[in-house]
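To keep things clear, I will list the structure first and then write my remarks on it.
The values are calculated or read from the model by the stated rules, or taken from the named source; none is laboratory data. Bear in mind the structure is a predicted one, so any value in this text is a computation, not a measurement. As a convention, Cβ positions derive from the backbone with ideal geometry for all residues, glycine included, and neighbour counts pool all protein chains shown.
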Amino acid sequence: MQDEKLIEVSLEAVTSRVQELKESTQAFLAKLEHEQLSWPSVLDNYALLSGQVNTLTKLLKNEKTPFFRNLVLLPLLVQQEPDPDIQKATDGRVQAFNHEVVPDYLRTKYDPEIEASEQKLEAMAASVPPDQAQRQIATLNELATNLIDTITSAREDWEGEQSAASRSSSTVNPDLNTLVTAVTFGKGLKPAKITKGRGSKAEKAQSGWPNEKSMNKAPSSVKVDAKTAASVHHMPRLTGLTVEQDLYNNKE
Amino acid sequence: MIGKKMAVVGRQNQLEYFLQGSVGKESVNTLLHRLRGLCDGASRQFATFVDHEILFTLGSPGSSVSLRGRHSLDDPKAPWQLRYVGQSEMGDKSRSTLLRSCVEVSTSDNLTTFLKELGFRYESEYVLKGYYFVKGHMRITVSQVCRVGSINDPQSSQPISDSYLVEISLMTTVQQDSMAEEIKAFAEHLKPLVHLEKIDHRKLQTT
């Protein structure tokens, strides 16, 4: 009596877990079809599914859960007519408990083909002499150990690289300030010309913009002299401005 | 003609949300790879650009107005761009990017002459060489900042640093801080190759 109750309770638990799993799989499939998912959200969905599978497996392995495989299932009715109960229970996938589906649903053994190939393998295993088998086992173990070693060392290498990469990222944003000030305020862009040219900046400016400057330059060579003289004194910016304004006034 | 265009620009994008960072020469290929995967048109090769920008100012130091003239060296037929860029606002912690006003307008190629006639003074110039990507409304550039050897000779430019400047920017008409979140989220994908940050420009200016 108690056994029966236990079975019923655990069956219910399993059914509800499977139901949950089914629902989230369906939701995931629907999302995949209708939405544009980003990779992180796909991973989230996978995590949900694998968590549910995990709880299901835990439930089946639980000590309190009776072994379902020890129970006997007794089919009472095989019929061709559609069965509304079965339709409902399977969401319309199985219409009737007929001769087509019974072999699949009530199977207790593998397919005959699979069984045959399994038997072949078993026969082959039995035909191997014991000492040779031992040797093969030893070789396999050795291989496995080697493989594990390789993987572990690869992992260490990889982690080393990772940490090296994170260390190199301590030089985060190299030279950023230089770049930003150059782009924003033009800092660090001018001195090169001065050191390079060493001559008067104003003169260079003129050579740079020949068209209108040369026009300005023609009438007042005195001003140009003033300019070169001025820029030698450490006030290039200010004098440059005034002289240029002079030039414009002059033009007018 | 420029004046007319400036009037029209009033209705266009005026605010720029942006983040800046940089990446060393050795990691730039990895970054380009990642950007290619993340951005629109992944199947295309990288789009490259070479832009020459000249900074002009009007007024005395302290109370001056700066304008930038920019044109492509890759594509001489492309129009010049006249750009006004405002002070970058840090904002508070709730906003994840910098914000500045930015007005951009296309002009003819005699822009420098026009600015000089207005009394603008040549301030400095540089060349940006690199790659750009587009993701939605965001524009991502990875470029080297090059110092120009002699004035108005952009061909002679040399990089000022081995590192590449990385910028993500997004232009908009009205202040919408959700845009900043979009940029921030994208910037997260680029870590740890490049850490895009809000760079306090005022601090940089004083140092």
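The table that follows gives values for the structure above.
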read-out	value
Count - residues of the range B:178-191 that are in a loop (DSSP other than H, G, I, E, B) and either more than 11 Å from chain A (Cβ to nearest Cβ) or surrounded by 13 or more Cβ atoms within 10 Å (Cβ to Cβ) (or both)	1
Residue match in the range B:115-123 (condition: more than 12 Å from every other protein chain (Cβ to nearest Cβ), buried (at least 20 other Cβ atoms within 10 Å of the Cβ) and on the phi < 0 side of the Ramachandran plot)	no
Residue in the range A:78-86 that is out of contact with any strand residue (DSSP E or B) (no Cβ under 9 Å at 6 or more places or on another chain) and touching a residue at least 40 places away in the same chain (Cβ under 8 Å) present	no
Matching residues in the range B:192-207 - criterion: being more than 10 Å from every other protein chain (Cβ to nearest Cβ) and touching a Leu at 6+ places or on another chain (Cβ under 6 Å)	B:Lys198
Scope the range B:156-174; condition assigned to a loop (DSSP other than H, G, I, E, B) and either within 11 Å of chain A (Cβ to nearest Cβ) or modelled with pLDDT of 90 or more (or both); matching residues	B:Ser157, B:Ile160, B:Ser161, B:Asp162, B:Ser163
Residue ID - surrounded by the most Cβ atoms within 10 Å (Cβ to Cβ), chosen from residues in the range B:159-177 that are touching a strand residue (DSSP E or B) at 6+ places or on another chain (Cβ under 6 Å) and among the aliphatic types (A, V, I, L, M)	B:Val166
Filtered residue count, the range A:30-83, keeping only those that are loosely packed, with under 12 Cβ neighbours inside 10 Å, among the small types (Gly, Ala, Ser) and at pLDDT 85 or above	3
Residues of the range B:41-74 that turn out to be of a type in the set (Ser, Thr, Tyr) and touching a Gly at 6+ places or on another chain (Cβ under 8 Å), as a count	1
Test: residue in the range B:31-40 that is modelled with pLDDT under 85, touching a strand residue (DSSP E or B) at 6+ places or on another chain (Cβ under 8 Å) and within 14 Å of another protein chain (Cβ to nearest Cβ)	yes
Meets criteria (more than 9 Å from every other protein chain (Cβ to nearest Cβ) and crowded, with 21+ Cβ neighbours inside 10 Å) for B:Leu111	yes
Extreme residue, farthest from the chain's Cα centre (by Cα), among residues of the range A:172-191 that are in a loop (DSSP other than H, G, I, E, B) and facing chain B (nearest Cβ under 7 Å)	A:Lys190
Single residue of A:Asp91, A:Asp175 found to be at pLDDT below 80 and either of a type in the set (Gly, Ala, Ser) or on the phi > 0 side of the Ramachandran plot (or both)	A:Asp91
Failed item, numbered, when A:Ser221 is tested on (1) surrounded by 10 or more Cβ atoms within 10 Å (Cβ to Cβ); (2) at pLDDT below 65	(1)
Verdict on B:Arg147 being crowded, with 17+ Cβ neighbours inside 10 Å, farther than 21 Å from B:Gly59 by Cβ and more than 19 Å from the chain's Cα centre (by Cα)	no
The range A:103-157, residues that are in contact with an Asp or Glu (Cβ under 8 Å, 6 or more places away or on another chain) and surrounded by 10 or more Cβ atoms within 10 Å (Cβ to Cβ)	A:Tyr110
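Per-residue answers, yes or no, for (1) facing chain A (nearest Cβ under 7 Å); (2) of a type in the set (S, T, N, Q); (3) without any contact (Cβ under 8 Å) to a residue 60 or more places away in the chain:
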site: B:Val134; (1), (2), (3): no, no, no
site: B:Cys146; (1), (2), (3): no, no, yes
site: B:Pro154; (1), (2), (3): no, no, no
site: B:Gln176; (1), (2), (3): no, yes, yes
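Residue by residue, here is whether (1) modelled with pLDDT of 90 or more; (2) surrounded by fewer than 17 Cβ atoms within 10 Å (Cβ to Cβ); (3) more than 13 Å from the chain's Cα centre (by Cα) holds:
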site	(1), (2), (3)
B:Arg83	yes, yes, no
B:Ser88	no, no, no
B:Asp92	no, yes, yes
B:Arg95	no, no, yes
